[in-house]
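The values are calculated or read from the model by the stated rules, or taken from the named source; none is laboratory data. All values reported here derive from a predicted model rather than from experimental measurement. Cβ: placed from backbone, ideal geometry, glycine included. Neighbour counts: every protein chain shown.
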Amino acid sequence: MKTTPFTDIHIALGAKMADFAGFNMPIQYPTGINQEHMIVRQGVGVFDVSHMGEFWVKGEKALDFLQYITTNDVSKLEAGKAQYTCFPNGKGGIVDDLIIYKYSTTKYLLVVNAGNIDKDWAWVNEHNTFGVQLENASDRYGQLAVQGPKATEMLQLLTDADLSAIPYYAFREWSFAGVQGVILSNTGYTGAGGFELYFPKEHSKQIWDALFEVGKDFGLAPIGLGARDSLRLEKWYCLYGHDIDDTTSPLEAGLGWITKFDAKDFIDKEYLLKQKAEGVKRKLVHFECQERAIPRCGYELCDAEGNVIGNVTSGIMLPTTKVGIGMGYVQTAFAKKEHIIYVKIREKLIPAKVV
């Protein structure tokens, strides 16, 4: 397995480690997933997300290139702003979802999912008929996500950049904890607020130590991927490989809002326009179990008669409410708010409300 600059620290802290996207990553610490979830919701926690991939795109036609290979309208981005988007795969599915950071019209940073780095790198190179300069800088960066309602106040102690002046989905490159050129991004995967920090990996320990020094007064705790999953599910954020993949279209996944047909031409535009006109046959829904149950990935979703109408793609028992929640694809007729569907668990049909 690959390691991050923080792997030895996680092990020393007693984290339960496991393979995630080929990296040896912390799933949870001795505190446990439920407590880690609540720390982020109520205070501040830090996630090692150094396994994520970073690609630089530079050149006179960088914008034209990104407009073609992604679904969102990159031309709307201002310098210092970020945008959520996806790579359509030419077959109606999704290569990956990602964030684009705009430095200028000739310089962009793409942040991609860890499990897709090699696939994405091959994809962008295959479609680089625009003569742009591509650089896979994934091995050069460390990344920490500092999330929670106390995150900004705590982080402000380590930089003279005015973090309160950086709006959601915007970023600055600034000095942080004595390290120059740290990307301070008002983004995250938890719905709890906070920043994601990108920095040259050789400064990783310096930044980690600085965070935990100022974090003493804020109850800062390291958080594993288990709570990262429960937090994103509570916010209904998709996870690639579960809720979206090469077989799911952006329209089926409820990502029509990042699919800008009127703005440009892009890979799969005609296919997706046709799908939009005809209507999708299935949709990704969010649901809450009406009885105590955990809807796990792969479980069948059924109608009241037990006929299979889809399947669960993600599910947990929510630490905050102790309610089982999940996401899954169902036939379009059942994808209506307040509709009751059923999760099949050990031959029992558990009612769940679409929310």
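When only residues in the range 321-332 that are in contact (Cβ under 8 Å) with a residue 24 or more places away in the chain and not in a strand (DSSP E or B) count, which is farthest from the chain's Cα centre (by Cα)?
Restricting to residues being in contact (Cβ under 8 Å) with a residue 24 or more places away in the chain and not in a strand (DSSP E or B), the top hit is Thr332.
Does any residue of the range 121-130 turn out to be touching a helix residue (DSSP H, G or I) at 6+ places or on another chain (Cβ under 6 Å) and either assigned to a loop (DSSP other than H, G, I, E, B) or within 26 Å of Ser230 (Cβ to Cβ) (or both)?
Yes, that holds for at least one residue.
Restricting attention to the range 102-111, does a residue exist that is modelled with pLDDT of 95 or more, assigned to a helix (DSSP H, G or I) and β-branched (Val, Ile, Thr)?
no
When only residues in the range 167-185 that are assigned to a loop (DSSP other than H, G, I, E, B) and touching a residue at least 24 places away in the same chain (Cβ under 8 Å) count, which is surrounded by the most Cβ atoms within 10 Å (Cβ to Cβ)? Walk me through it before giving the result.
Within the range 167-185, the subset assigned to a loop (DSSP other than H, G, I, E, B) is 167-169, 177-178.
Of the ones still in play, those that are also touching a residue at least 24 places away in the same chain (Cβ under 8 Å) are 169, 177-178.
Values: Tyr169: 15, Ala177: 20, Gly178: 12.
Only one residue fits best here, namely Ala177.
Kindly provide the set of residues from the range 305-320 that are in a strand (DSSP E or B) and of a type in the set (A, V, I, L, M, F, W, C), ordered by number.
Scanning the range 305-320 gives Val308, Ile309, Val312, Ile316, Met317.
Take the conditions charged (D, E, K, R), crowded, with 17+ Cβ neighbours inside 10 Å, at pLDDT 95 or above and not in a strand (DSSP E or B) and apply them to Glu60. Does it pass?
On the way: charged (D, E, K, R): yes; crowded, with 17+ Cβ neighbours inside 10 Å: no; at pLDDT 95 or above: yes; not in a strand (DSSP E or B): yes.
Considered against the rule, which asks whether it is charged (D, E, K, R), crowded, with 17+ Cβ neighbours inside 10 Å, at pLDDT 95 or above and not in a strand (DSSP E or B), Glu60 comes out as no.
Pull up the range 292-308, narrow it to residues that are closer than 23 Å to Thr248 by Cβ and in contact with a Lys or Arg (Cβ under 9 Å, 6 or more places away or on another chain), then point me to the one that is surrounded by the fewest Cβ atoms within 10 Å (Cβ to Cβ).
Looking at residues that are closer than 23 Å to Thr248 by Cβ and in contact with a Lys or Arg (Cβ under 9 Å, 6 or more places away or on another chain), I get Val308.
I need every pair where a residue in the range 130-155 that is under 19 Å from Lys201 (Cα atoms) has its Cβ under 7 Å from the Cβ of a residue that is part of a strand (DSSP E or B) and among the hydroxyl-bearing types (Ser, Thr, Tyr), sequence separation at least 6 or different chains.
Tyr141/Tyr198; Gln143/Tyr198
Of the residues Ala145, Ala227, only one is in contact with an Asp or Glu (Cβ under 7 Å, 6 or more places away or on another chain), assigned to a strand (DSSP E or B), within 30 Å of Cys297 (Cα to Cα) and not acidic (Asp, Glu); which?
Ala145
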